[in-house]
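To keep things clear, I will list the structure first and then write my remarks on it.
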Number of protein chains: 2
Amino acid sequence: MPYSYEYPRAALTVDCVVFGLDDEELKIMLIQRGQPPFEGSWALPGGFVHLEETLEEAARRELEEETGLHKVFLEQLYTFGAVDRDPRERVVSVAYYALVKLSDHKVQAATDARDAAWFGVHDVPTLAFDHAEILQMALDRLRGKLRYQPIGFELLPKKFTLSQLQHLYELVLERELDKRNFRKKVLGMDLLIETDEVEQDVAHRAARLYRFDERKYRRLAKAGFNFEL
Amino acid sequence: MPYSYEYPRAALTVDCVVFGLDDEELKIMLIQRGQPPFEGSWALPGGFVHLEETLEEAARRELEEETGLHKVFLEQLYTFGAVDRDPRERVVSVAYYALVKLSDHKVQAATDARDAAWFGVHDVPTLAFDHAEILQMALDRLRGKLRYQPIGFELLPKKFTLSQLQHLYELVLERELDKRNFRKKVLGMDLLIETDEVEQDVAHRAARLYRFDERKYRRLAKAGFNFEL
DNA sequence: ATTCTTAGTGTTGATTTGACACTAAGTCAA
DNA sequence: TTGACTTAGTGTCAAATCAACACTAAGAAT
């Protein structure tokens, strides 16, 4: 036991709530634990923070290691420090939430990990530790954030239709939105670039594809703009 | 060195940004460091997390020990984990922000601590560690939160005038508000109880005193209400 | 050619917002 | 005791925003 300190120290971990958007549902990625405690239970991907990496770096590393995901949208959520949240010893966990374009990553999640899987947010099994609480908070945060920041694009492919975008908002916010009002508002923000492409292989009129103008968004966000939907 | 671990561990601390409302300014409490590193510098109150206390308990304990403040509004802000934020070793700090009724606590801060003092948020000295960054984030958060949650009452005495409340909003949001519109909106939320008292010892017409209806707020907040100002 | 499905598009009434100025009450000083 | 001073307290209107609402257009499938 080579690392000694004058006072006892909590272990420090990161946990990630990874959201992805299926055609039909908002999903989160879970991994099945291979060791005790909670062996066999599903849990959020995560692990110990190394001394030479920041918290966010730790979260990204664990995400890559355990789920193959990388270059995703990632933001700190909350830090969980209940004394007994881990039965072994004191563990404080900094939780992050991630938004991934499922369309890009579908393959990996399927091949990579026999112990990683996507679950619909309304169909999540019992989770290890206090991960249910973390998940709940992540959902609340995602909903809150979506209302006033154009964060939803992170869940869609680079090019998407307005209907997809609306569908995403409806899934996350759990209420129906009026198509015309939604389009009016979202186009009015002036952050979408109309491409000259339309969706392919659909059995009906094909919708126009749009891109999110991330540069413009960054500029305006820095200037303290508001993007309430 | 009695505490040994298989892998190296970061030290875990809490830091608190304590806001108080002077008649003229929004203030924060700082303490002057007595030891290196940054000896003599001003810093946010804070300290190490003990193993048998939650993060919030640690924050409250440190607050009480270092500044004499207790039973204040306290909420987690963000966790700071840059690798070099402390020159000695890896230290991860969970930051909280607190809102205190300066009117209640003025005495204590004056007597208690020769090394604790209030500074106007626009007149803060150079801070130790990354505390300037923490402060900035706390300010942003306070501003953001004030817009859609009736959190400002935590900075005022139990009974206050509408002008005081407006003044507080103006100080925090850093813009002037229209008196009539402000009163309309704030009374319209229906969270203020008109008392039968008026302010005392003022050299002009005395204003009515109001109380914040915390019970009602809690009920409505739980029901998912919105209190955008 | 007909049917089916989703894309795409404007108007209107209701509500909310923001700008704006005067009277009321009380203290103070001459 | 009166007049001056200071802050409390109050309503209207025009502009902007929001929410409700239904039809035509395009393309695929039969």
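Of B:E170, B:E214, B:E176, all but one fail to be within 14 Å of DNA strand D (Cβ to nearest atom), within 20 Å of the chain's Cα centre (by Cα) and surrounded by fewer than 18 Cβ atoms within 10 Å (Cβ to Cβ); the exception is B:E170. Scanning region A:60-69 for residues that are touching a strand residue (DSSP E or B) at 6+ places or on another chain (Cβ under 6 Å) and either open to solvent by 10 Å² or more (accessible area, probe 1.4 Å) or closer than 18 Å to A:L139 by Cα (or both) yields A:E62, A:E66.
Within the set of pairs 6+ apart or on separate chains, which have a first residue in region A:119-140 that is of a type in the set (S, T, N, Q), a second that is buried (at least 18 other Cβ atoms within 10 Å of the Cβ) and assigned to a loop (DSSP other than H, G, I, E, B), and C-beta atoms under 9 Å apart? Note: no pairs meet the criteria. Considering only residues in region A:25-51 that are open to solvent by less than 30 Å² (accessible area, probe 1.4 Å) and in a loop (DSSP other than H, G, I, E, B), the one that is farthest from A:L146 (Cα to Cα) turns out to be A:P37. For region B:1-24, the candidate set comprises residues that are surrounded by fewer than 18 Cβ atoms within 10 Å (Cβ to Cβ) and at the interface with chain A (Cβ under 8 Å from one of its Cβ atoms); within that set, the residue that is modelled with the lowest pLDDT is B:M1. Going residue by residue through region B:145-152, is there one that turns out to be touching a Phe, Trp or Tyr at 6+ places or on another chain (Cβ under 7 Å), among the polar types (S, T, N, Q) and more than 14 Å from DNA strand D (Cβ to nearest atom)? Checked against the condition, which is being touching a Phe, Trp or Tyr at 6+ places or on another chain (Cβ under 7 Å), among the polar types (S, T, N, Q) and more than 14 Å from DNA strand D (Cβ to nearest atom), region B:145-152 yields at least one hit. Here the helices (runs of 4 or more DSSP H) wholly within region A:121-229 that include at least 2 residues being away from every other protein chain (no Cβ under 14 Å) and more than 16 Å from DNA strand C (Cβ to nearest atom) are A:131-148, A:214-222.
Taken over region B:26-41, residues that are in contact with a helix residue (DSSP H, G or I) (Cβ under 8 Å, 6 or more places away or on another chain) and either of a type in the set (D, E, K, R) or under 18 Å from B:A95 (Cα atoms) (or both) amount to 4.
The residues listed here are A:L209, A:L139, A:L187; of these, the one that is out of contact with any Ser or Thr (no Cβ under 6 Å at 6 or more places or on another chain), on the phi < 0 side of the Ramachandran plot and open to solvent by less than 40 Å² (accessible area, probe 1.4 Å) is A:L139.
Residues that are in contact with a Cys (Cβ under 6 Å, 6 or more places away or on another chain) and either within 14 Å of chain B (Cβ to nearest Cβ) or without any contact (Cβ under 8 Å) to a residue 12 or more places away in the chain (or both) within region A:47-84 comprise just one, A:A59.
Yes or no: region B:107-122 includes at least one residue that is more than 20 Å from B:V72 (Cα to Cα), of a type in the set (G, A, S) and more than 13 Å from the chain's Cα centre (by Cα). The answer is no, given that none of the residues of region B:107-122 is more than 20 Å from B:V72 (Cα to Cα), of a type in the set (G, A, S) and more than 13 Å from the chain's Cα centre (by Cα). Would you mind stating whether B:A95 is assigned to a strand (DSSP E or B), closer than 25 Å to B:A58 by Cβ and at pLDDT below 95? Criteria not met by B:A95.
Among the residues of region B:179-197, those that are over 24 Å from the mean Cα position of the chain (by Cα) and either under 13 Å from B:L229 (Cβ atoms) or of a type in the set (D, E, K, R) (or both) comprise B:K179, B:R180, B:N181, B:R183, B:K184, B:K185, B:L187, B:G188, B:D190, B:E194, B:D196, B:E197.
The values are calculated or read from the model by the stated rules, or taken from the named source; none is laboratory data. Predicted model, so just to flag it, every value in this text is computed and none were measured. Neighbour counts are summed over all protein chains in view; Cβ atoms, including those assigned to glycine, are modelled from backbone coordinates with ideal geometry. SASA here: full protein model, heavy atoms, side chains in, ligands and nucleic acids out. Shrake-Rupley method; radii C 1.70, N 1.55, O 1.52, S 1.80 Å.
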